[in-house]
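Student: Provided herewith is a single structure, encoded as structure tokens, for subsequent inquiry.
All of the numbers you see were taken from the coordinates with simple rules; none came from a lab. Small disclaimer: the values here were computed from a predicted structure and weren't measured. Cβ: placed from backbone, ideal geometry, glycine included. Neighbour counts: every protein chain shown.
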Amino acid sequence: QAIFDTNPDVVGQEIRGIVIKPMEEMANFVQENEIKLGVLAVPVAVAQTVAEAMVEAGIIGIWNFAPTEIRVRADVIVRNERLAVGLMCLSFKTKRIGMPEELR
């Protein structure tokens with residue numbers, strides 16, 4: 001497990017026992033540890049670039065939490081999560097609790 005970031009203010013900090021590493025170390029880490037799956041949770045402006053770097057490093061499965069579609073080679077699997085859509089569905093369903101059956 002590893003976390004990578006470009007922000008020098010967070011590099012070196014620890015989250016649940018994992019030290020945040022600089023992005024420049026990602027490719028070596030992925031290759032040395034034979035990492036195949038990665039989580040993408042970055043701003044839209046850099047999502048495609050970071051996804052391409054992940055694929056170049058050897059990642060073949062990306063769990064994408066960035067609110068945008070990314071395009072990668074056909075042999076790389078991308079699972080796009082849409083947190084806003086999930087939140088809307090959850091909100092809608094919770095509002096229906098307590099409604100009369102005929103209105104659900």
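Student: E69: of a type outside the set (A, V, I, L, M, F, W, C) and outside any loop (DSSP other than H, G, I, E, B), yes or no?
Tutor: No.
Student: Now for a different question. Which members of region 3-55 meet the condition of being charged (D, E, K, R), surrounded by fewer than 12 Cβ atoms within 10 Å (Cβ to Cβ) and not in a strand (DSSP E or B)?
Tutor: Answer for region 3-55, where residues must be charged (D, E, K, R), surrounded by fewer than 12 Cβ atoms within 10 Å (Cβ to Cβ) and not in a strand (DSSP E or B): D9, R16, E24, E32, E34, K36.
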